[in-house]
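The values are calculated or read from the model by the stated rules, or taken from the named source; none is laboratory data. Keep in mind the model is a prediction, meaning the values are calculated, not measured. When we count neighbours, we look across all protein chains shown, and the Cβ atoms used for this are built from the backbone with ideal geometry, even at glycine. Keep in mind that these areas ignore ligands, DNA and RNA; they rest on the heavy atoms of the full protein, side chains included. Shrake-Rupley method; radii C 1.70, N 1.55, O 1.52, S 1.80 Å.
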Amino acid sequence: MKAEYDFSNARPNPYVDKLRRPVTLNLDTYVVDYFKREADRTGLPYQRLINLFLTQCANEQKHLEFA
């Protein structure tokens, strides 16, 4: 291992906005079943579909309405 490294020509990480954090969620059974059916229909993993849906909600600044 070198004593020093030269990072003067380094570039920023292009994937920094794509970092993921593992979390544990308690979801209703019918919600998981819905996304698993959608996974079968689309060919995408259900966890990715949940992430895509939540990302869309965040990008559109959707807010929950409680009745």
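For the chain, the solvent-accessible area of protein heavy atoms averages 107 Å² per residue (probe radius 1.4 Å; ligands and nucleic acids excluded). Rg/Rh for the chain stands at 1.22; both radii use Cα atoms, and Rh follows the Kirkwood definition. For the chain, the fraction of 1.4 Å probe accessible surface lying on carbon and sulfur atoms is 53 percent. If you run the Gaussian network model on the chain, springs between alpha carbon atoms under 10 Å, then out of 12, 22, 45 the most flexible one is 12. In this simple spin-label model, placing a label point 7 Å from the Cα along the Cα-to-Cβ direction at both residue 56 and residue 8 gives a separation of 4.9 nm. Between 0 and 90 degrees, the angle of helix 29-42 with respect to the longest Cα principal axis of the chain falls at about 70 degrees.
Build a GNM of the chain with springs between Cα atoms under 10 Å apart, and of 34, 46, 15 the one that fluctuates most is 15.
Give the peptides 56-63, 4-11 in descending order of average Cβ contacts within 10 Å, highest first. Can you show the working numbers first?
Working: 56-63: 8.6, 4-11: 6.4.
So the order, starting with the most tightly packed, is 56-63, 4-11.
Farthest towards the positive end of the charge dipole of the chain, among the residues 57, 14, 67, is the Cα of 14, using unit charges on the Cβ of Lys, Arg, Asp and Glu.
Comparing 40, 17, 28 in a Gaussian network model of the chain, where Cα atoms under 10 Å apart are tied by springs, the biggest mean-square fluctuation is seen for 17. Dipole size of the chain about its Cα centre, with +1 on Lys/Arg Cβ and -1 on Asp/Glu Cβ: approximately 200 debye, rounded to the nearest 20.
The long axis of helix 46-59 is offset from the longest Cα principal axis of the chain by roughly 80 degrees.
With helices as the sole contributors, the chain gives -13500 deg cm²/dmol at 222 nm; each DSSP H run of n ≥ 4 counts as -39500 (n - 2.57), and the sum is divided by every residue.
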